Amino acid sequence: MLNDPEDHQDIDGSSAKVEALRPVVGYEEASDRLAEDPEDIDALIEKSISMMAMGGGGSSRCVLLKAAELCEAGDARNVDIRFRNAKLSLNEGLPGEALELLDGLERISDPRTAKAVRFLRCRCLLRARRYEEMRQVLGEIVRSGELDIGVQTMIAEADAAEGDHERARARFERILGNPSLEGSSRASTEFLHATTLDRLGDHDAAFEAAIRANRALDVDFDVESFEAETERLLEWSTPGRIASLPLSTDRSERSVFIVGMPRSGTTLLEQIISAHPTGDGIGERFEFNMFQTLLDHRTGIAFPDSIDGGDTAMFDEFAATYREMERSISPTASRVTNKALGLDARLPLISRVLPGSRALLLQRRPLDNLVSIFMNPINPASVPWSCSLEGLIAGRRRFDRLVERWHEVLEIETLPLRYEDLVDDAEGRIREVLQFLGMDFDRSAVDFHESERVVMTPSWTQVSRPMNRDAVDRWRRYERHIGPLIEAFGE
C-alpha cells in the first residue's frame, strides 16, 4: 500500500518532505489512471512530468511521445507537448529531433512560448555545431528587441564555441556586471567565463571565476552527514546481504554502466564504445534515481535498506521501464552505455534490477579530476559536494571506497579502469574494454573522434579530437589555489 503524504507531514511537520513526495504521488496516481485508460492524455502528461521531477528524463520522453501520438493537431495541449518533447530530446543528445519538433511551433505559440521556442532552437543549433544557422536565429532575436541576459549569454557562448575567446570574455564580463543576474544564472555564466579564461591562459582569474560560480550556487553541504551515509552504505553491503536481495527476471546483457566521478573520462569512454558498430551511448540517464525514490516510497524504508523491501515484481517493473527508455534512444545496439552521475551509490540496486548488466569503474588521478569538477558546471542536486574543496575531498574519498567495495561484493561483472591508462595505451585498454563487454575489436572504437555523435556534457569539445594527454597534470596550473586537495591526495 502506498504511503500517504499526509502521514509524512504529521510525522515531522516538514512541508519540504511533502513537496518532495509530490512527483511520487503524481506518478502513482497517473499510473493508476493509465491502467484504466491507456489513452488518457492528461494522465500521460502528468506521469511524464512526475518522472522528469524524479530524474527519469529518458522515460519521461517515452511517455510524452505516447501523448504526442494521441494528441490531435488542433488540441490546445499540442504546443506544450511538442515543446516539452523538444527539450527532452535535446537533453537526450538528439538536437536534430528537437529541431524537427520545434519546426513551425513558434507560429502557433503565444508570445511567451514563442520566445522560449526561439531560445531552445538556438541551444539545439549550438549543440549540433550549426553555428551559422544559430547566428541567424540570434540575429532575428536581437532585431526583434529581445536582447535580454539569456540572449547575450548565448551570443557569448557562440563566440567561445567558434574560438573567439577574447570576444567571449568581454561579453561574459559585461553580462556579469549586471546586478540582476543572480543564483544559478550567475553561476552558469561564471562557469562559462572560467572556461574562457582558462583557454586564454589566465588561470588565476579562471579559478577566481570558478570560486564565484560555486558560491553563487549556494549549496548547503554537510560533510559529516555525507560521511555517515557512506559508512551506513558500506556497513549494509556485506556479501551475504547482497546475495540475498530480491532479483528481477531480466537477464539481458545489453546495458553497460560507466561508473565514474564527473570529469573523470566517462564521456570519452562512452564515445569510444558508441563509435563501435554494435555499441551506443544514451548519455546520463537518471532512471535509477527515480527507481530509488519509488522504492523508498513504496516500502516506507530509506535507501539502501529499501532494496531488501523490494520484490521481483517491482524490480521487473523498473527493468521494463529502463528497457523502454533504452530502446527509444538506441533501438538496435548490442551494448548501450549509461554514464549518469551518482551511479556509484546506486550500483547495488542496478545489480538487482538489471543483473545481466556490466559496470566499468573509471577513476582519474584525484587532483586533475577534482580541479576539473570545481571549474565546470556540475548539477549540485546530483553532486552537492562539488562546490567546495572540503566537499571535493569527501566526494572523492567516498567514490574510491564504494567502487572498491562493489568490485568485491556485487554479482554483476565489473572492470576497474584508470583514465591515465586509457590515454597512455589507448588501443590496449580499448581492446580490454571491448573484450570485457563481449564485443569484437573494431578500429572505429580507436578512431572515436571521427564520430559525429552529439555529446551533451562539458566534455563535448575534448572528445571530438584524437586521444591526447592535454588533460593530464592540468591541476598544476592551479597549484597555488588547491592546497587542501594537495594535502589530502598528494601527487
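The values are calculated or read from the model by the stated rules, or taken from the named source; none is laboratory data. The shown structure was predicted, so the numbers you read here are calculated from the model rather than taken from an experiment. FYI the Cβ positions are ideal-geometry reconstructions off the backbone, even for glycines, and counts take in every protein chain you see.
Report, by residue number, each residue of the range 397-429 that is in contact with a His (Cβ under 6 Å, 6 or more places away or on another chain) and without any contact (Cβ under 8 Å) to a residue 12 or more places away in the chain.
Hits for the range 397-429: nothing passes.
Where in the range 176-248 are the helices (runs of 4 or more DSSP H), entirely inside, with at least 1 residues that are over 27 Å from the mean Cα position of the chain (by Cα)?
It comes to 203-217, 223-236, 239-244.
Being under 28 Å from S252 (Cα atoms) and at pLDDT 95 or above is the filter here, so list the residues in the range 359-399 that pass it.
Of everything in the range 359-399, those that are under 28 Å from S252 (Cα atoms) and at pLDDT 95 or above turn out to be A359, L360, L361, L362, Q363, F399.
Filter the range 249-272 down to residues that are in a helix (DSSP H, G or I) and of a type in the set (A, V, I, L, M) and give me whichever is farthest from the chain's Cα centre (by Cα).
Looking at the filtered set, the residue picked out is I272.
Among the numbered criteria (1) in contact with a Phe, Trp or Tyr (Cβ under 7 Å, 6 or more places away or on another chain); (2) crowded, with 19+ Cβ neighbours inside 10 Å, which single criterion is violated by F399?
That leaves (1) as the condition not met.
Taking the range 311-334 as the region of interest, how many residues are buried (at least 22 other Cβ atoms within 10 Å of the Cβ) and over 17 Å from the mean Cα position of the chain (by Cα)?
Looking only at that region, the number is 3.
Here are some residues: D440, D400. Which one is closer than 24 Å to P484 by Cβ and among the acidic types (D, E)?
Selected residue: D400, the only one of D440, D400 that is closer than 24 Å to P484 by Cβ and among the acidic types (D, E).
Are any residues in the range 363-384 under 16 Å from the mean Cα position of the chain (by Cα) and in a helix (DSSP H, G or I), and if so, which ones?
I373, P384 - these are the residues of the range 363-384 that are under 16 Å from the mean Cα position of the chain (by Cα) and in a helix (DSSP H, G or I).
Every residue in the range 56-85 that is crowded, with 24+ Cβ neighbours inside 10 Å and in a loop (DSSP other than H, G, I, E, B), please.
G56 - this is the single residue of the range 56-85 that is crowded, with 24+ Cβ neighbours inside 10 Å and in a loop (DSSP other than H, G, I, E, B).
Does the range 86-137 hold any residues that are over 18 Å from the mean Cα position of the chain (by Cα), in a loop (DSSP other than H, G, I, E, B), in contact (Cβ under 8 Å) with a residue 12 or more places away in the chain and within 23 Å of E162 (Cα to Cα), and which are they?
Passing the criteria: A128, R129.
Return the residues of the range 287-313 that are without any contact (Cβ under 8 Å) to a residue 60 or more places away in the chain and either among the polar types (S, T, N, Q) or closer than 11 Å to L349 by Cβ (or both); say none if nothing qualifies.
Q292, L295, D296, T299, F303, S306 - these are the residues of the range 287-313 that are without any contact (Cβ under 8 Å) to a residue 60 or more places away in the chain and either among the polar types (S, T, N, Q) or closer than 11 Å to L349 by Cβ (or both).
Check L176, L192, L181 and return the single one that is touching a His at 6+ places or on another chain (Cβ under 7 Å) and surrounded by 14 or more Cβ atoms within 10 Å (Cβ to Cβ).
Every option except L176 fails the conditions.
Hey, does the range 428-436 have a residue that's more than 23 Å from D447 (Cα to Cα) and of a type in the set (F, W, Y)?
No; the residues of the range 428-436 include none that is more than 23 Å from D447 (Cα to Cα) and of a type in the set (F, W, Y).
So which residues in the range 153-201 are acidic (D, E) and touching a residue at least 40 places away in the same chain (Cβ under 8 Å)?
Listed by number, the list holds a single entry, D198.
Sort out which residues of the range 316-358 are within 14 Å of I273 (Cβ to Cβ) and either at pLDDT below 95 or touching a helix residue (DSSP H, G or I) at 6+ places or on another chain (Cβ under 6 Å) (or both), and write them in order of number.
Correct list: S330, V336, T337, K339.
Pick from E166, E157: which is over 27 Å from L120 (Cβ atoms) and assigned to a helix (DSSP H, G or I)?
It is E166.
Hey, can you tell me all the residues within the range 389-442 that are in a loop (DSSP other than H, G, I, E, B) and over 25 Å from I350 (Cα atoms)?
D425, D440, F441, D442
Closer than 27 Å to P380 by Cα, of a type outside the set (V, I, T), in a helix (DSSP H, G or I) and in contact with a Cys (Cβ under 6 Å, 6 or more places away or on another chain), is that true of M290?
no
Could you give me the residue pairs with C-beta distances under 9 Å whose first residue belongs to the range 376-396 and is within 21 Å of R474 (Cβ to Cβ), whose second residue is among the polar types (S, T, N, Q) and surrounded by fewer than 18 Cβ atoms within 10 Å (Cβ to Cβ) wherever it lies, and which are 6+ apart or on separate chains?
From the range 376-396, the pairs are P377/S188; S386/N379.
Need pairs with beta-carbon distance below 8 Å; first residue under 20 Å from V403 (Cβ atoms) and within the range 235-252, second polar (S, T, N, Q) and at pLDDT 95 or above; sequence gap 6+ or separate chains.
I242/S351
For the structure I just gave you, tell me whether A98 is in contact with a Ser or Thr (Cβ under 7 Å, 6 or more places away or on another chain), over 21 Å from R285 (Cα atoms) and buried (at least 22 other Cβ atoms within 10 Å of the Cβ).
No: the conditions fail for A98.
Under the condition of being among the small types (G, A, S) and either at pLDDT below 95 or more than 21 Å from R285 (Cα to Cα) (or both), which residue from the range 3-30 is surrounded by the most Cβ atoms within 10 Å (Cβ to Cβ)?
Per the criteria, the residue is A30.
Could you please let me know if L360 is touching a residue at least 12 places away in the same chain (Cβ under 8 Å), of a type outside the set (S, T, Y) and assigned to a helix (DSSP H, G or I)?
no
Going residue by residue through the range 141-150, is there one that turns out to be surrounded by 18 or more Cβ atoms within 10 Å (Cβ to Cβ), over 27 Å from the mean Cα position of the chain (by Cα) and not basic (K, R)?
yes
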